[in-house]
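Step one of this worksheet: look at the structure below.
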Amino acid sequence: MRQAVAAAFAALTISACQQAEDQGGSSSAEPPVNMAATNAAPASPASGPSARTPLAKPSGAIDPKSAEAAGQVVQSYGALVEQARWTEANALWGDRISAAKVQSELSQYSNVQLEIGNPGETEGAAGSIYVTVPAVFYGDLKNGQPFRRSAEVLLRRVNDVPGSTAEQRRWHIERIDWAAAS
């Protein structure tokens with residue numbers, strides 16, 4: 001199953017890169033990751049992000065401006081965090097200081113997994129587009145005890161306005177809002 005998911009992701013990535021090249025864009029998309037790492041079973045199958053259905057597999061090419069593309073950024077972030085590839089994971093953030101704070105917090109765990117739900121609707125404000133993706137971070141504390149923390153990952157991209165850079169027009173993590181402990 002993991003090989004099939006990894007193969008599907010590879011095909012999607014190649015398709016997206018080809019589409020970007022065909023449109024005169026750059027093929028330097030998000031960093032390559034081992035997507036098999038994101039398929040770990042959650043601690044409890046019925047307790048996904050906000051009890052939502054997990055992110056569905058893409059059925060074709062994904063518009064890089066869409067909420068689904070934002071969801072893929074969160075999925076890539078999760079895969080990189082699971083592998084402790086912090087430099088690449090932090091590159092998916094818009095603010096390096098915020099990225100470093102989350103890295104510091106998550107690196108205190110002995111292992112971290114990420115389960116994401118379907119992205120919300122995109123919302124525009126002041127020349128930017130935002131989308132929220134529900135997520136659950138789970139794994140093991142250093143003492144071996146399991147942990148599970150719900151969060152909402154807010155992503156942002158700048159609209160295609162004159163003077164905006166390609167870097168600004170890509171989805172990036174703006175912040176992670178942790179749910180209150182219950």
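All C-alpha to C-alpha distances of the range 63-178, sorted into 5 Å bins beginning at zero, yield P(r) values of 2, 12, 22, 25, 18, 11, 6, 3, 1, 0, 0 percent in whole numbers. Multiplying the residue separation of residue 179 and residue 101 by 0.36 nm and subtracting their alpha-carbon distance yields 26.4 nm. Ranking of 80, 92 by neighbouring Cβ atoms within 10 Å, starting from the fewest: 92, 80. Simple spin-label estimate for residue 160 and residue 141 gives 4.9 nm between the two label positions (7 Å along the Cα-to-Cβ direction from each Cα). Per-residue 3J(HN,Hα) values for the range 70-84, derived from phi via the Karplus relation 6.51 cos²θ - 1.76 cosθ + 1.60 with θ = phi - 60°, read 5, x, 5, 5, 5, 4, 5, 4, x, 4, 5, 5, 4, 9, 6 Hz in sequence order (x marks Gly and Pro). Cβ-Cβ distance of residue 125 and residue 83, R₀ of 30 Å, FRET efficiency by 1/(1 + (r/R0)^6): the value works out to about 0.35. Computed extension length for residue 169-residue 66: 35.9 nm, one decimal, from 0.36 nm per residue of separation with the Cα-Cα distance subtracted.
Quick note: the coordinates plus some simple rules give every number you see, no bench work behind them. What you see is a predicted model; the values in this text were computed from it and never measured. Here the Cβ is made from the backbone with ideal geometry for all residues, glycine too, and neighbour counts use every protein chain on show.
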